[in-house]
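All remarks here apply to the structure that follows.
The values are calculated or read from the model by the stated rules, or taken from the named source; none is laboratory data. Small disclaimer: the values here were computed from a predicted structure and weren't measured. These area figures cover heavy atoms from the full protein model, side chains too; ligands, DNA and RNA do not enter into them. Shrake-Rupley method; radii C 1.70, N 1.55, O 1.52, S 1.80 Å.
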Amino acid sequence: MSKLFSKIKIKDMEARNRIVMPPMCMYSSDDGGFPNSWHLIHYATRAIGGAGLIIMEATAVEKRGRISARDLGIWDDSHVEGLAEIVAEVKKHGASIGIQLAHAGRKCGAPGEDLIAPSPIAFDETYGVPREMTKEDIKEVVSAFKAGAYRALKAGFDIIEIHAAHGYLINEFLSPLTNKRTDEYGGNIENRARFLKEVIKAVREVWPEEKPLMVRVSAEEYAEGGNHDADVAQIINLVKEEGVDVIDVSSGAVVPAKINAYPGYQVRFAETIKKMTGLFVIAGGLVTAPEMAEEILQNDRADMVYLGRELLRNPYWPLAAAKELGDDIKWPEQYERSRK
Ligand SMILES: Cc1cc2nc3c(=O)[nH]c(=O)nc-3n(C[C@H](O)[C@H](O)[C@H](O)COP(=O)(O)O)c2cc1C
């Protein structure tokens, strides 16, 4: 049995293999943030295709925290029912399922919303200048993450991922490039990590101890004066005691900077974070070959591997990968005759 197709247990979540579908915005909701048949079919198909863990796309904890007007939302109790339907369907087909709780901050692209950020600096000329958050705003957003986590629990998710990557609100606090505050939320690394720490703590008040909690990070900002992998590992070490189990390692999008992307370009960041924090780590970025995913795991560079665009292209990638690695996995019974 390959490592890619070996099970993994993290707290009470047991994934059938180490293949992760990372969060990917579908921009297919309505202005109310409700899921529809697109989301149900899209996620259930990846479960039928054999993914081990599916992380639902960035889902806004506040209306003003949306990346676009078509994002999914979890800011209201009425969102739970539709999300629960997707969770049940995905689990029926053997995959574990998580949700990415998100707040876009200064990168909110939904028209007419209040743009908020740690400091009043626009991402680029296509975005407006955000309003510097008051302590009251900070409390409000922390509570919104907590309420979102409670709804995620009600919907039946196995794991929550807090979106602290890609230059969205939490990441804006973490980065010295976007956080110029002079109060206890800015300045040194401990202060910049404070908002994330408060979010994790609040989420953990409602998200049970036995359920795993994950944080997605941009481990490299590709800009002078920005965070690098060792800085991000240090941040994680400052907050992990609040109850973090897994780090999903991504990079970039904090400031407009060029990224030299090639297969596996983020894996070394995952490796650093795994070594420095001792937590479970998910690595990925332009991974498409089963042998490459297997190499990452066999060399202990990460514990799971994500494939984003590859799983958009081919939801049945896991079934084909098992064949390539010589693993005899369970196929959907309905497709047995195509297996050979
Ligand atoms: C259509 C699309 C939407 C995405 N939306 C999100 C998102 O909601 N949250 C997030 O953290 N990353 C998002 N990403 C980034 C992916 O999760 C992933 O990290 C990235 O695509 C690199 O992996 P890949 O090379 O295997 O595609 C998105 C990527 C794509 C292609």
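Assorted remarks:
- Legend: residue pairs 3/197; 139/211; 154/340; 154/258; 91/340, Cα-Cα distance threshold 29 Å; pairs beyond threshold, 3/197; 154/340; 154/258.
- Ignoring aspartates and glutamates fewer than eight residues from residue 107 along the same chain, the ones with Cα atoms less than 15 angstrom from its Cα are 62, 71, 124, 125, 132, 172.
- Where the Cα pairs of the stretch 258-317 fall when distances are cut into 10 Å bins, in %: 24, 52, 23, 2
- Coordinate range of the alpha-carbon atoms in the stretch 19-113 per principal axis, descending: 40, 24, 18 Å.
- Relative contact order, percent, the stretch 1-142 [alpha-carbon distance under 8 Å, six or more residues apart]: 22
- In the full protein context, the chain carries 40 Å² of accessible surface per residue, based on a 1.4 Å probe and ignoring ligands, DNA and RNA.
- In the calculated pair-distance distribution of the stretch 17-62, the portion above 13 angstrom amounts to 57 percent of the Cα-Cα pairs.
- Here the Karplus curve 6.51 cos²θ - 1.76 cosθ + 1.60, taken at θ = phi - 60°, turns the phi angles of the stretch 74-90 into couplings of 9, 8, 9, 4, 5, 6, 4, 4, x, 5, 4, 5, 5, 4, 5, 5, 5 Hz, with x standing for Gly and Pro.
- Descending semi-axes in whole angstrom, ellipsoid equivalent of the stretch 60-197, from the Cα gyration tensor: 28, 16, 13
- Helix axis angle, 135-155 relative to the chain longest principal axis, alpha carbon, degrees: 20
- Dividing the C-alpha radius of gyration of the stretch 216-339 by 2.2 N^0.38 Å, with N its residue count, gives 1.21.
- Share of carbon and sulfur in the accessible heavy-atom surface of the chain [1.4 Å probe, %]: 51
- Per-selection Kirkwood Rh - the chain (Cα, Å, 1 d.p.): 19.9
- In units of the rule-of-thumb radius 2.2 N^0.38 Å, the stretch 246-287 shows an alpha carbon radius of gyration of 1.19.
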